[in-house]
Amino acid sequence: MNKTILVTGGAGYIGSHTCKALAARGYTPVTLDNLSNGHEWAVKWGPLVKGDTGDRALLDDVFARYRPSGVIHFAAFIEVGVSVREPGSFYRNNACSTLNVLEAMRAHGCERFVFSSTAAVYGTPRQVPITEDHPQWPINPYGWSKFMVERMLEDFGRAHGTRFCALRYFNAAGADPEGEIGEAHDPESHLIPLVLRAAKDPARSISIFGTDYDTPDGTCVRDYIHVCDLADAHIRALQFLEDHGPAAVNLGTGAGNSVKEIIDAARAVTGLPIEPVIGPRRPGDPARLVADRALAGELLGWTPQHLDIRETIAHAWAWMNR
Ligand SMILES: NC(=O)c1ccc[n+]([C@@H]2O[C@H](COP(=O)([O-])OP(=O)(O)OC[C@H]3O[C@@H](n4cnc5c(N)ncnc54)[C@H](O)[C@@H]3O)[C@@H](O)[C@H]2O)c1
């Protein structure tokens, strides 16, 4: 099978780490990114096509020119809060433009599709760790936009034989240990970079939203998965789709860290004092979101390698201070 892979959103955080991992394993990643949130400097391991997944003529041109044997689809808007205020832009970019990619794939005979889904498709968990058969009832338009794509994929699989693997990430974290790329979101809403920014610049505060959750220290627990482990899972998913599929699997460590644990670990890594501001709970924040990762192990042979949260934070800190 030819080893050219179309990576939409390859100039973004997880996409760029996946492009690096693809190149290391002999693939040629072709990035299609409109640079709305990505960075040209992050595209180092293959060509960059600047453009939008909503542009069907451009997609036809890219498929005809590069003849990719698979697509890894990261391109999406990711800010949950913005999705509540501007749902239309999320449904258009995350759902309609993905439909565009699926139709272009079909027209060009490309059958393998690896999709960036999210733990947000589950909504408020009924039980933790969350297994893939947990009911799906998202609590914001971002989660619904990803849920809709998963439904489209089921139908494209049944009707047209599209082979897909939906990867439901929990919280992506860390950075390339070699320091070539890392997280550079603007605005930033992820806990670890926000804590590290507060360490670097005491003028920036870090808030803890709620200390009365039913967790060991009262703060919310999330499952932080190293971005290089995510990248590895995408390559395994592509290989899995050579003769299997469809599948939807969780990608998380299976363990969780509380907000207070992250702040303590960041203090240890940076050697700097970090004084959080304690605030009230935010609506819609579940106490614990932790993956059951057994299925990813079984289907993809995937086991995360970076399970020490201090190491993950140290990689993010090194990137921030590069
Ligand atoms: N970061 C996380 O913790 C996390 C968790 C769960 C799921 N995800 C999903 O993973 C994917 C990647 O997330 P990320 O953190 O790397 O985000 P990111 O914003 O860094 O990357 C997304 C990239 O897609 C590009 N893009 C957006 N819309 C586009 C379009 N219509 N056409 C072309 N390019 C477009 C952006 O410019 C950006 O480079 C997203 O689909 C996101 O929903 C992320």
- The residue from 133, 155 that alone is farther than 17 Å from residue 233 by Cβ, open to solvent by 50 Å² or more (accessible area, probe 1.4 Å) and in a loop (DSSP other than H, G, I, E, B) is 133
- So is residue 56 of a type in the set (Lys, Arg), in the same structural domain as residue 164 (by TED's automatic domain parsing) and within 9 Å of the ligand (Cβ to nearest atom) or not? no
- Item | Residue check, residue 263 of a type outside the set (Ser, Thr, Tyr), in a loop (DSSP other than H, G, I, E, B) and open to solvent by less than 60 Å² (accessible area, probe 1.4 Å) | no
- Query: Just a yes or no: is a residue in the stretch 234-243 closer than 27 Å to residue 100 by Cβ, open to solvent by less than 10 Å² (accessible area, probe 1.4 Å), of a type in the set (S, T, N, Q) and not in a loop (DSSP other than H, G, I, E, B)?
  - Reply: no
- Options 39, 17: the member that is farther than 23 Å from residue 117 by Cβ and within 9 Å of the ligand (Cβ to nearest atom): 39
- Task: Select, from 6, 59, 32, the only residue that is within 18 Å of residue 165 (Cβ to Cβ), hydrophobic (A, V, I, L, M, F, W, C) and crowded, with 23+ Cβ neighbours inside 10 Å.
- Result: 6
- Test residue 54 against the criterion of being under 21 Å from the mean Cα position of the chain (by Cα), open to solvent by 30 Å² or more (accessible area, probe 1.4 Å) and either under 24 Å from residue 106 (Cβ atoms) or modelled with pLDDT under 95 (or both), and give yes or no. yes
- Exactly one of 80, 71 is modelled with pLDDT under 95 and crowded, with 16+ Cβ neighbours inside 10 Å, and that residue is 80
- Task: Taking the residues in the stretch 1-43 that are among the hydrophobic types (A, V, I, L, M, F, W, C) and part of a helix (DSSP H, G or I) as candidates, determine which candidate is farthest from residue 242 (Cα to Cα).
- Result: 41
- Query: Applying the selection to the stretch 1-32, what residues are among the basic types (Lys, Arg) and farther than 22 Å from residue 320 by Cβ?
  - Reply: 3, 25
- Message: Please determine whether any residue of the stretch 175-190 is hydrophobic (A, V, I, L, M, F, W, C) and touching a strand residue (DSSP E or B) at 6+ places or on another chain (Cβ under 7 Å).
- Response: no
- Query: Listed residues 196, 241; which is within 24 Å of residue 113 (Cα to Cα) and more than 15 Å from the ligand (Cβ to nearest atom)?
  - Reply: 241
- A careful count of residues in the stretch 117-132 that are under 13 Å from residue 150 (Cβ atoms) and either among the β-branched types (Val, Ile, Thr) or out of contact with any strand residue (DSSP E or B) (no Cβ under 6 Å at 6 or more places or on another chain) (or both) gives 3
- Select from the stretch 90-110 the residues that are open to solvent by 20 Å² or more (accessible area, probe 1.4 Å) and either near the ligand (Cβ under 10 Å from one of its atoms) or in contact (Cβ under 8 Å) with a residue 60 or more places away in the chain (or both) and list them in ascending order. 92, 93, 96, 100
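The values are calculated or read from the model by the stated rules, or taken from the named source; none is laboratory data. Because the structure is predicted, anything quoted here is derived from the model rather than measured. Here the Cβ is made from the backbone with ideal geometry for all residues, glycine too, and neighbour counts use every protein chain on show. Ligands, DNA and RNA are excluded from the accessible area calculation, which covers all protein heavy atoms including side chains. Shrake-Rupley method; radii C 1.70, N 1.55, O 1.52, S 1.80 Å.
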